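Worksheet: the structure to be examined is printed underneath.
The values are calculated or read from the model by the stated rules, or taken from the named source; none is laboratory data. Just so we're clear, the structure is a prediction, and the values are computed from it rather than from any experiment. Backbone-built Cβ (ideal geometry, glycine too); neighbour counts: all protein chains shown. Each accessible area value is taken on the protein alone, full model and side chains, heavy atoms only, with ligands, DNA and RNA left out. Shrake-Rupley method; radii C 1.70, N 1.55, O 1.52, S 1.80 Å.
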Amino acid sequence: MEKKIVFASHNENKVREVREMLSPLGITVLSLSDLGLKQTAEETADTFEGNSLIKAKDIAARCEIAVLSDDSGLSIEALDGFPGVHSARFMEGHSYVEKNKAILERLSGVSNRKAAFITAMTYISADRKIEKTFIGKDEGHILTAFPAGKQNGFGYDPIFFSDALSKSYGEATEEEKNAVSHRGRALRKVVAYLRSENDGTDTGNR
Ligand code: IMP
């Protein structure tokens, strides 16, 4: 039987990324617009896992196929995890250059610059019996100044230095970033799980 999964996001770039990773498993990835659905749930949880689950359940209640959702953000240790689940809403209406500079301002004089990008991805099976959340994390630190020159990526990429890459996300190519990023890591865990489920070797690992 053909396997279908809907990715509960309006971001077409993410849908494309998920489609590329899941199509080798024989899974057809549909977008919300393919199903004529809109994400209506409010992200009221204070964790990425919580919000990812809210999004997945919202869509699962309104369709009959398997669902995958995600929630991500930047977590800065010295700011108690801020902006965290508020990453998208922080200083709404302002540009990311302004947002990034505001974060650098908050960290001015702070020596602990540790930070991580985190993604939670939730999978809900078509029969709604399986509900699993996978976490992807990429650790690093926040730069001390806004970098000069053209930056790749989006959002908080210019100010995040990835330990795994030994360079900032703003300096990385899309391919380099995907190889280590929070989203890439979470998605590879989902792929490993679905592959094991496909061939009956699920170990139940998170
Ligand atoms: P989402 O849950 O993936 O939509 O991410 C929420 C917010 O976190 C985004 O609007 C960005 O502000 C931030 N964010 C998530 N992933 C990244 C990334 O890879 N680079 C930069 N910012 C990100």
On the given criteria, is residue 3 open to solvent by less than 70 Å² (accessible area, probe 1.4 Å), charged (D, E, K, R) and closer than 26 Å to residue 198 by Cβ? no
Out of region 67-82, which residues are open to solvent by less than 10 Å² (accessible area, probe 1.4 Å) and touching a residue at least 60 places away in the same chain (Cβ under 8 Å)? 67, 68, 69, 70, 74, 76
